[in-house]
Each structure stands twice: as C-alpha cells, then as structure tokens.
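The structure under discussion appears below in the form of structure tokens.
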Amino acid sequence: MANGDEKYWYNLETGQVEFGMISPSVDRVGPFDTEAEAARAPEKLQERARSWAEEDAAEDAAKSGGAE
C-alpha cells in the first residue's frame, strides 16, 4: 500500500487539491493517484451517492414486494 503522503487528496473545506495528508482527515477525501482524479472528487462523490440511493430504493422496493 502506498503512503498517503505521496498521494493527492481533495479538501472538502477549501475545495482544493492537496499533495499529501496536509489537512485534517475529516476535511479530505482520497487518496487519488493523480491531481486530475482528486479534482474530480466532488463529482465522484455525487455519482456514488446517487448510485447508493438508487440501490437503497431498489432494495426497499424488493423488501416491500413492489416493482421498480
């Protein structure tokens, strides 16, 4: 496993990409291999949240016997 100090992180508080674990862990997401990947973090987070919400809705529908 690579050292987090040698990766890129996205700071949720400032909206900036950082190299290394500079900011507190509560404020950052990652690690990412490239600066470009880290810059896309907000978009990726939205995509994942949408996907999880869709999965939860499908599971809830299946439990209640409804169809999607």
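Quick rundown of the values:
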item	result
Wholly within the chain, strands (runs of 3 or more DSSP E) carrying at least 1 residues that are modelled with pLDDT of 95 or more, surrounded by 12 or more Cβ atoms within 10 Å (Cβ to Cβ) and of a type in the set (Asp, Glu)	17-19
Counted residues, the range 1-35 - those being of a type in the set (A, V, I, L, M, F, W, C) and within 14 Å of the chain's Cα centre (by Cα)	6
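The values are calculated or read from the model by the stated rules, or taken from the named source; none is laboratory data. Worth saying up front: this structure is predicted, and the values here are computed from it rather than measured. Cβ: placed from backbone, ideal geometry, glycine included. Neighbour counts: every protein chain shown.
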